[in-house]
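To keep things clear, I will list the structure first and then write my remarks on it.
The values are calculated or read from the model by the stated rules, or taken from the named source; none is laboratory data. Predicted model only: the values in this text are computed from it and were never measured. Here the Cβ is made from the backbone with ideal geometry for all residues, glycine too, and neighbour counts use every protein chain on show. Calculation scope for accessible area: heavy atoms of the full protein, side chains included, ligands and nucleic acids excluded. Shrake-Rupley method; radii C 1.70, N 1.55, O 1.52, S 1.80 Å.
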Amino acid sequence: LAGASCFLLNLAVMGNPQAPTEKAKPASNFRRKQSDYAVIAVLAAALVLCGEHFFPTRSSPKECAQFWDLISMPSRIVGIVTSDFINWSIYYLIGVATLFGLTAACWVGLVRANSKTPREFFWPQAKQAGSNFFLLSLVQVVWDWMVVHGYTKNTMDNLDLFSVLRDSLLWILVFELTWYTQHRAMHDNHFLWKHGHAYHHSWKKPEHMIGITNFAFDHVIELWVTMSSSLAPILVFPINFYVAKVMGLAYMVLAVIVHWDGLPMRYHINHHYMVVKNYGSHVPIFDMMFGTYDWGSFTGAEGCYMPRPETRPVLGLEKSE
C-alpha cells in the first residue's frame with residue numbers, strides 16, 4: 001500500500017506537470033514558513049480527536065496477552081523462559097539481526113540491479129548504520145513493551161479487507177504527518193540541523209546514495225524522528241498487530257531503496273540534492289499541501305536545483321542550459 005500510494009501520487013503529478021522555472025541555489029537551508037507549523041498542529045489535533053471519537057478503545061487485556069505470547073514465542077521455542085528480561089533480550093537481538101539481514105539483502109539486491117552502484121562509501125555508511133541498528137532495536141523494544149501493556153490501539157481483530165485497507169491508510173497518514181513535521185523541523189531549527197540531521201545530509205552526491213545511506217544518521221535526533229513516526233499511528237488509530245508490523249517493515253525496506261540513486265522515482269533522492277524540498281517519507285501528500293514538493297529528476301552532480309538533461313525539456317528548459 002505504501003509503495004503503491006507513493007507510485008500513484010508521483011505518477012499523477014508527473015503526468016500533469018506544472019512546468020516550474022529553474023530556481024537559484026538558496027542562500028540558506030532555513031527558509032520554510034514557520035506559520036505552516038500552526039496548520040500542522042491543527043491537522044495533528046484533528047487526527048487525534050478523530051481517533052479518540054471514532055476509535056476510543058485501546059488494546060484489551062486479552063489482546064495484550066496475545067501480543068506477549070507472540071513476542072515471547074522465540075524464547076519458548078529455544079526453551080529459555082526464565083524471566084521477562086530474558087524474553088525481551090532475545091526479542092531485542094532478533095530485531096538487531098533482522099535489521100542487519102534485511103539491509104544486507106537490500107544492498108545485494110541493489111547491486112545486482114545495477115552492478116555500477118558505487119562501493120567507495122559503503123563501509124563508512126555501514127559502520128554508522130550498524131551502530132544505529134542496536135539503538136533502533138532498543139527503541140522498538142520500548143514501543144512493543146507499550147503494546148504489550150495496552151498503551152496503544154493495536155488489535156488482533158480488524159483483518160477483514162475493509163479494515164485492513166482503512167487502518168493501513170490511516171497508519172500511512174499519521175506516519176507521514178509525524179515524519180514530515182519532524183523532518184522539516186530538523187531543517188528549520190538550527191540546533192536540530194547542526195547537532196542531528198546535518199550528518200545525514202553530508203551524504204549528498206550520487207556516489208553517496210547507495211541504499212544503506214538511509215541508516216547513516218546521528219544516534220539521537222534522527223533516531224527519535226524515525227522511531228516516533230512508527231509509534232504515533234498505533235497511538236491514534238487501531239490496526240491489526242500483524243498489519244502494523246508489515247507496514248513498518250514495508251516502510252523500512254522502501255526507505256533503503258529510495259536512498260539509492262539508481263531508483264527512477266526521484267522523490268527522496270531529490271530531497272538530498274535539493275535539501276529544502278520533499279520532506280515526506282514515501283507519500284508526498286504534505287509536501288503537496290505545503291508547497292515543498294518537487295517531482296522532477298535532479299542530480300547532485302550539477303548542484304542544487306539542476307534538472308537532469310533528459311528532464312529539462314519537460315520543465316520548459318533547454319538541454320543546453
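Taken over the range 146-184, the criterion of being over 20 Å from Val48 (Cβ atoms), within 23 Å of the chain's Cα centre (by Cα) and either of a type in the set (Val, Ile, Thr) or not in a helix (DSSP H, G or I) (or both) is satisfied by Val164 alone.
Conditions (1) loosely packed, with under 13 Cβ neighbours inside 10 Å; (2) closer than 30 Å to Trp203 by Cβ, marked per residue:
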{"residue": "Asp84", "(1), (2)": "no, no"}
{"residue": "Ser115", "(1), (2)": "yes, yes"}
{"residue": "Leu135", "(1), (2)": "no, yes"}
{"residue": "Tyr151", "(1), (2)": "no, no"}
{"residue": "Met156", "(1), (2)": "no, no"}
{"residue": "Ser163", "(1), (2)": "no, no"}
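If you go through the range 158-174 and keep only what is touching a residue at least 12 places away in the same chain (Cβ under 8 Å) and not aliphatic (A, V, I, L, M), you end up with Asn158, Ser163, Asp167, Ser168, Trp171.
Could you please let me know if Ser131 is open to solvent by less than 60 Å² (accessible area, probe 1.4 Å), of a type in the set (Gly, Ala, Ser) and closer than 27 Å to Tyr37 by Cα? Considered against the rule, which asks whether it is open to solvent by less than 60 Å² (accessible area, probe 1.4 Å), of a type in the set (Gly, Ala, Ser) and closer than 27 Å to Tyr37 by Cα, Ser131 comes out as no.
I'd like to know if the range 264-274 contains one or more residues that are modelled with pLDDT of 95 or more, surrounded by 18 or more Cβ atoms within 10 Å (Cβ to Cβ) and outside any helix (DSSP H, G or I). Please lay out each step first, then the result.
Restricting attention to the range 264-274, the residues satisfying the condition of being modelled with pLDDT of 95 or more are none.
Checking the range 264-274: not a single residue is modelled with pLDDT of 95 or more, surrounded by 18 or more Cβ atoms within 10 Å (Cβ to Cβ) and outside any helix (DSSP H, G or I).
From the list Trp143, Trp88, Trp123, the one residue that fits, being more than 21 Å from Trp224 (Cβ to Cβ) and either aromatic (Phe, Trp, Tyr) or part of a helix (DSSP H, G or I) (or both), is Trp123. Residues of the range 275-300 that are assigned to a loop (DSSP other than H, G, I, E, B), among the hydrophobic types (A, V, I, L, M, F, W, C) and in contact with a Lys or Arg (Cβ under 7 Å, 6 or more places away or on another chain): Val276 alone.
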